[in-house]
Amino acid sequence: MIRRSAGTRGGLSVKMEAQVAPAGATWTVTNMDAEFATGGGFSHEAVLYRQPAQYRSAVLGFVQDGLTQSQPVLVALPPVAGESIRGSLSEHPDLAFVDMDQLGRNPGRIIPAVWDFADRHAGRPVRFVSEPVWPGRSAAEIRAAVTHEAMVNLAFAAASVSVLCPYDVSRLAPAVTAHASRTHPVLHTEDGASESPDYAAGHIPPSARWALARPPQRAQRLDYTTDLKAVRAAVSRYATDAGLAADRLPDLVIAVGEVIANTLRHTDGGGTVYLWHTRSEVICQISDSGWITDPLVGLRRPLGPGGLGLWVVNQVCDLVELRTGKRGTSIRMHMSLPARKGRRRG
């Protein structure tokens, strides 16, 4: 049975009938405007920088040009870079900063934050500076971040949103910057700004379609059909024993509750929960027979009070990996464990 995802612009409150692209296919993106800083329509640009001066020049120029045109600007950078950029700008009512270490820990939170910012400035073009990939991110986080960059083109194709994304090509793997070239119509390099020769409208990184690795043999398995209370209780016990902080425990239980409720609401059968942990995180994977047909599911706040679904899962989890197709859906939720003496993060 196909699970019909609901929502507007990726939310969960009205029915969506979009089809999942088969392996190797691309999503069709319309109304693409690749002109730099158009002031209207959509633009998505990458800064492939090697030197801090190039980084600062591109980011500050993008921000200042937007403010000059009365376009509100949201800047989401890692803390050190963000503070440096903030220190070079005067306070402005249309300028806001957010810590990308917090917002982008789960890349699934980034697009909802931009929509919220745009909604607060309804009727005005907005700009967004976003550095979703930085050295030190895990392989799973990088996969999610490069997929996010592709989703930006879908989410804002018809919106008055201009996005600038810095990439440190001196420290990031070549594959990461290659994906940046495919997902950004415009590139800024040491030679200036130009259209990307590798840009492919609707490009989805292959890793976003690959099946998740099997849960480890040590993973605890729970099958469910109707008793959601028992599943939530089992998840709570496991996460507590693994060392998840008490203030994060409700977040995981809420996320699990949303996913398993969706299973029972949108499929004919039950599902399976897998639980395991590493030195740095608790991982909960839920698999069922449903097929999520909206590629932007969970990336738009629902309009009504109900149907939070994957939107709330993205908001409360530190990383969410989703794989879906005709054979079913798996949603893997990561929750970071508090650092302990002698425990190496990663």
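The values are calculated or read from the model by the stated rules, or taken from the named source; none is laboratory data. Keep in mind it's a predicted model, so treat the numbers as computed, not measured. Here the Cβ positions follow ideal geometry from the backbone for every residue, glycine too, while neighbour counts run over all protein chains shown.
Of all residues in segment 264-279, none satisfies the criterion of being buried (at least 18 other Cβ atoms within 10 Å of the Cβ), within 11 Å of residue 335 (Cα to Cα) and polar (S, T, N, Q). Is segment 169-177 home to any residue that is within 21 Å of residue 296 (Cβ to Cβ) and in contact with a strand residue (DSSP E or B) (Cβ under 7 Å, 6 or more places away or on another chain)? Looking through segment 169-177, none of the residues is within 21 Å of residue 296 (Cβ to Cβ) and in contact with a strand residue (DSSP E or B) (Cβ under 7 Å, 6 or more places away or on another chain). Looking for something on the phi > 0 side of the Ramachandran plot, modelled with pLDDT of 95 or more, more than 19 Å from the chain's Cα centre (by Cα) and not in a strand (DSSP E or B) - is there at least one such residue anywhere in segment 21-30? Taking every residue of segment 21-30 in turn, none turns out to be on the phi > 0 side of the Ramachandran plot, modelled with pLDDT of 95 or more, more than 19 Å from the chain's Cα centre (by Cα) and not in a strand (DSSP E or B). Restricting 133, 163, 176, 146 to residues that are touching a His at 6+ places or on another chain (Cβ under 6 Å), within 27 Å of residue 283 (Cα to Cα) and not small (Gly, Ala, Ser) narrows the list to 146.
The strands (runs of 3 or more DSSP E) falling completely within segment 48-156 that include 1 or more residues that are buried (at least 21 other Cβ atoms within 10 Å of the Cβ), hydrophobic (A, V, I, L, M, F, W, C) and not assigned by TED's automatic domain parsing to the domain that holds residue 296 map to 73-77, 126-130.
Going by the conditions given, is residue 193 closer than 22 Å to residue 332 by Cβ and either touching a residue at least 40 places away in the same chain (Cβ under 8 Å) or surrounded by 13 or more Cβ atoms within 10 Å (Cβ to Cβ) (or both)? Answer is no for this residue. Could you check, for segment 248-261, whether at least one of its residues is within 29 Å of residue 152 (Cβ to Cβ), in contact with a strand residue (DSSP E or B) (Cβ under 8 Å, 6 or more places away or on another chain), in contact (Cβ under 8 Å) with a residue 24 or more places away in the chain and β-branched (Val, Ile, Thr)? Yes - at least one qualifying residue is present in segment 248-261. Just so you know, in segment 242-258 the residues that are at pLDDT 95 or above and under 23 Å from residue 147 (Cβ atoms) include one that is surrounded by the fewest Cβ atoms within 10 Å (Cβ to Cβ), and it is 251. Within segment 140-179, the set of residues being touching a Leu at 6+ places or on another chain (Cβ under 7 Å) and farther than 23 Å from residue 64 by Cβ comprises 140, 141, 144, 151, 154, 155, 169, 177. Whenever a residue of segment 61-75 is closer than 19 Å to residue 115 by Cα and without any contact (Cβ under 8 Å) to a residue 60 or more places away in the chain, its partners that are of a type in the set (Gly, Ala, Ser) and not in a strand (DSSP E or B), lying with C-beta atoms within less than 6 angstrom and at least six residues away or across chains, give the pairs 73/66.
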